[in-house]
Every structure is written in C-alpha cells, then in structure tokens.
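The values are calculated or read from the model by the stated rules, or taken from the named source; none is laboratory data. Worth saying up front: this structure is predicted, and the values here are computed from it rather than measured. Cβ atoms come from the backbone with ideal geometry, glycine included; neighbour counts cover every protein chain shown.
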Amino acid sequence: MAKRIESLKIIENRPLKKDYFILDLAGNGKIPEMKPGQFVEIKIDGSPDTFLRRPISIHDVNYGQNFFSLLIQIVGRGTETLSKIKRGETLNLIYPLGNSFSLPPKGSAVLLIGGGCGIAPLLFLGKYLKSNNFTPDVLLGFKNSERVIQLDDYRQIGKVFLTTEDGSQGEKGFVTEHSMLEATRYDNIYCCGPMPMLKEVAKYCRERNINCEVSLENLMACGIGACLCCVVDTVKGHLCTCTDGPVFNISDLKW
Amino acid sequence: MVNLGFDIGDLHFKNPVITASGTFGYGSEFDDFINVSDLGGIILKGTTIEPREGNPYPRMVETASGMLNSVGLQNKGIDYFEKIIYDKVKEYDTRVIININGNTIDDYVALAERVNRLEKIPAIELNISCPNVKMGGMVFGTNPDSARDVIRAVRAIYSKKLIVKLSPNVTNIVDFARISEEEGADAVSLINTLLGMAVDTRSMKPALSTITGGLSGPAIKPVALRMVWQVAKAVSVPVIGIGGIMNASDALEFILAGASAIQVGTASFIDPQISIKILEGIEKYLVSKGFLDIKEIIGYINRL
C-alpha cells in the first residue's frame, strides 16, 4: 500500500472535554484504504518553535462519506497549534503509515484496552473487528471523570467498562485493576495507552498466556523508516516503531 | 537548459542535490514519494563491518529549529549490505555512495576494500565525524593525527572517489579539510552534526539515553555555512555543503559560499519530497538570474 503526502481539508474540528479534540479530514479524491493501528504524520504550520511532524493514530474511517478522523490530545506546543485549526483549512499529511492490528482467530473472546488518548486507534479497530463478526468488550481508563470521553462511540463496538484513577466515574484505579478482568477470560487483548499501562497489561497477559498486541507511541522524526529514531527493543533487535510497528505482539517485545 | 552537473575528479554528478547519510535510509523508503533517480546522488546510511543495534531508546528529541539524535550507526553490517541491499540500490540511475564507519583504522580499510569491489558504488563517504559512538567516528575526526592516519590508510587501498565527512566539533575545521586534501581525498563534505544535549524537565532526566547527541536541522545552518565558506577558500577539492538545508534558498546560500554540491538531511524527515523541490528551486533560480551553468555561481560571494 503506497504512502501518500497530501494536503487535506478539515471538515470539522470538534473540541471534546478538557484538552481532547477530534479532527475530521476530507479525502483529496478518494481516501486510501487504511488499516486499524495505522497512523498519519502531520506537518504543523504556524508553530515556530516546533519542527517535526506529529504522529497521530487513525481514530475512525468513513469510506462511504470519504473522510477520516483523528482523536488528539493537547500535550505540547505542536498539538496546541493543531487544536486551533479551523474548518476549511488544510493540513499536510503523510499517510497511511505503519503496520496494523491483526485479526484474531475465529470465535476468540476479544478485549480492547485503552488509556487516555491511547483509546484513539481502538474505535477504528473495534469497528473492524465487529465487521468481521467479533464482539469485543472495551475497557477504558482515564485520570478522572473530567477526562472521560467518547463513551457513546465505543458503545457502538461492544460493552464498555470504565476506570478512573480517582474513582470519579467507573471503578477506581487502573485498567488492570478492573473487576471485569476477573470475570471473563479473553483470548486476545489489544491495547494502546501510556507506557506504564502497556507494561501492566503485558504482564497481565503474559501471566495468563493471553495473546496481546500493543500499539506504541515512541518519539519519532520521519515516520517512514529513514531516521531510525523510534526504535523499540525486540527479540529481533531494534525495530522501528514507525514501519515495523506501531503495533507489536508482546511476545516480540523485550520489556 | 541550465547545466546543473558537477564533478568530483572524473566522476560526474548530473546535479548537485545529494541526500545525506542516515536521513534517507537506502533510498527505497522514499520510492513512494519521489523518483530517487532524479537526484544527483544518494549517500546510504552509515555502514560498519559488524551489524550494530545502535544506542538505546530514547535517541531523538526535537529542539528549537532542529533535532538531536543519538542513533549510533544502527545498521546490519557490510555482509548484509552486499547480499541484500546492494542489488536494490544499484538499480537507481544516480550516484550511489556508501558512508563507512569503523572503530579502528583496520575497520575502515576493510570496509573500503569491500566497497572497492562493488561496481555501482563509485565513491565512499568516510565518516570520521559521527558523534554518537564511543569508539571510532568523531574520535578520528577531531584529532588531526588520527584523521591523517585513517584517510591515508584508506586512500592507499581505495581507488575510487574518496569523500571525507568532517566534524564541526573542532577548533578549526579548515585544518581537517587541508589534511583530507593532503592525504588524497577527492572531496570533503561538511558538516556532520554538532554535539549537543537536552534535559527533560518533567522526568528530570537527560532527554537522550546517551545524554549527548548530534544537533541537526535549520538551527545549525549558519554555523555550517560559515564552515563551508572557510573550507571552500582553503582547499581546491570540491566541497559538499551540509547542515540545516530546508529549501532551495538555503542550498543556494551554500553554493554561493563555495559548495559545489549540497546534501539534504533532516529536511527529508519533514518533507520526503524536499530534495526534489530543492533541485527544482535551484534550477529556477539560475534561470531567473540568467545563468547557464551552476558553476558560474559556486563561491560567487568570494569574487566580490
């Protein structure tokens, strides 16, 4: 699948709670086929003190209406500049990049686990799984109720379970502490979120011999495998998160 | 029709835009975006005798108008290059140059001997300026005697074009350019990255696993330009300018200051088509200024 570099028009900039927002981008011609887990590299214009593109997961794709969506959290100057973009303006993207989550064997019990902005690729993945006759459960973790976002969207995929660190909504604690994990035995877990969460989920899966894929968000420059900056230590040596990932099976990871 | 070509000795390049080592992979990473064969040349990523894993993550951090990296020459070694990569890169209709690195003089010599046999690799870029490895690399490029020894040893056994890539992390880069020329280098390329560092105040740790790394991007352009200007006046071999070139205007600054050709590096991370855009921009500039040959403007500022 060829990578593209294109300027795409913003159809909508939808602010969510706190520092989250969603950008809807219209295809420049027909949008290319994208896979769950893939990402885009966005050039940020008008941000004088940032320099590199920003890698952002593909949150949702609507081939019928020829647009796709990115769920973004403001974490620094680049994403802050990005949050101010208006409908009708354009963004320069290199996409679609990276590998993708793999389909589980038929009939598998599937769980999606997302933390914070790491929930982003799981909507696209969940819809894809659903269209392939899986009925995934979804476990989402946030810092507090003020940051709980997009529950209704994820309810379209399957049953949604929730934790917040302070207990202000859903169960109190981290995702790996949710009682639902004791109730059901899953065959496949897909996970995206902050590194400490990924490590906890990986530990949980290893102890129970559950097949698990995680999506990493390592710092990267080029996104196309040229700079070798975003490497992760694997059983096959240093691999690029941008081209060999961002999705890795935990059995390949050294952490 | 404007003549954009330049020569290193009897090796002709169809235009002066070359992609810098370590920023362009082996070319194929860019096949979706440009016709790599339109470039004057590509310099393949730094290659060593043995495979290298490079430094631990994190090894990149964005800085004001630039980035620091400490990749540390991750590559699969010369055997893998010969068996797998060479067959692919030799299909490009451009000058394909390999950047070589060693821990010892023997490493450099052994690599140069291997590359000498590869028909479609007409030149070596001798990397004596990588700041991100403990042994070799910049150790050679920051000591005049070591630089002389390694260039001499490679020159003695390598018959094709030898380009020496110089480190800016020295008191006087001109000394190293002169040594390169005296020892038989056919060209010099400069600058490699500037040694720098960054601290992550959130984690209260160095931003890079190696603490220090190499600074690249537009932040270093004025420094690079000054060094290229100094070196171009001091040596008679071609000078290839590198350092923060983001557009045709930047490239032209280097050429006007004395560079015969330029390398595009970090800019390719942000725009994978930038090398071709720079080439087009250079041609357009020459046409608009009424020049027929790029050689007319090399070192133009020094004639004033």
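Details
- Here the stretch A:106-121 is the region considered, the condition is being assigned to a strand (DSSP E or B) and either β-branched (V, I, T) or touching a helix residue (DSSP H, G or I) at 6+ places or on another chain (Cβ under 6 Å) (or both), and the residue that is farthest from A:K143 (Cα to Cα) is A:V110.
- Only a single criterion out of (1) assigned to a loop (DSSP other than H, G, I, E, B); (2) without any contact (Cβ under 8 Å) to a residue 12 or more places away in the chain is not satisfied by A:R14, namely (1).
- Boolean, A:T50 is within 14 Å of chain B (Cβ to nearest Cβ), over 20 Å from the mean Cα position of the chain (by Cα), touching a residue at least 24 places away in the same chain (Cβ under 8 Å) and at negative phi: yes
- Of everything in the stretch A:214-232 that is facing chain B (nearest Cβ under 7 Å) and more than 13 Å from B:N69 (Cβ to Cβ), the residue that is surrounded by the most Cβ atoms within 10 Å (Cβ to Cβ) is A:I224.
- Flag for A:I22 being modelled with pLDDT of 95 or more, among the aliphatic types (A, V, I, L, M), out of contact with any helix residue (DSSP H, G or I) (no Cβ under 8 Å at 6 or more places or on another chain) and not in a loop (DSSP other than H, G, I, E, B): yes
- Annotation: B:T94 fulfils all but one of (1) over 30 Å from B:D145 (Cα atoms); (2) in contact (Cβ under 8 Å) with a residue 24 or more places away in the chain; (3) within 11 Å of chain A (Cβ to nearest Cβ); the unmet one is (3).
- Some residue of the stretch B:262-285 being among the polar types (S, T, N, Q) and without any contact (Cβ under 8 Å) to a residue 60 or more places away in the chain: no
- Taken over the stretch A:103-150, residues that are of a type outside the set (A, V, I, L, M, F, W, C) and touching a Cys at 6+ places or on another chain (Cβ under 8 Å) amount to 4.
- Checking B:H12 against (1) in contact (Cβ under 8 Å) with a residue 12 or more places away in the chain; (2) surrounded by fewer than 24 Cβ atoms within 10 Å (Cβ to Cβ), the condition it does not meet: (1)
- Evaluation of B:Y86 against (1) outside any loop (DSSP other than H, G, I, E, B); (2) buried (at least 24 other Cβ atoms within 10 Å of the Cβ) (one fails), failing number: (2)
- Only residues that are modelled with pLDDT of 95 or more, surrounded by fewer than 20 Cβ atoms within 10 Å (Cβ to Cβ) and assigned to a loop (DSSP other than H, G, I, E, B) were counted in the stretch A:66-105, giving 12.
- Flag for A:V201 being in a strand (DSSP E or B), hydrophobic (A, V, I, L, M, F, W, C) and either away from chain B (no Cβ under 14 Å) or touching a residue at least 12 places away in the same chain (Cβ under 8 Å) (or both): no
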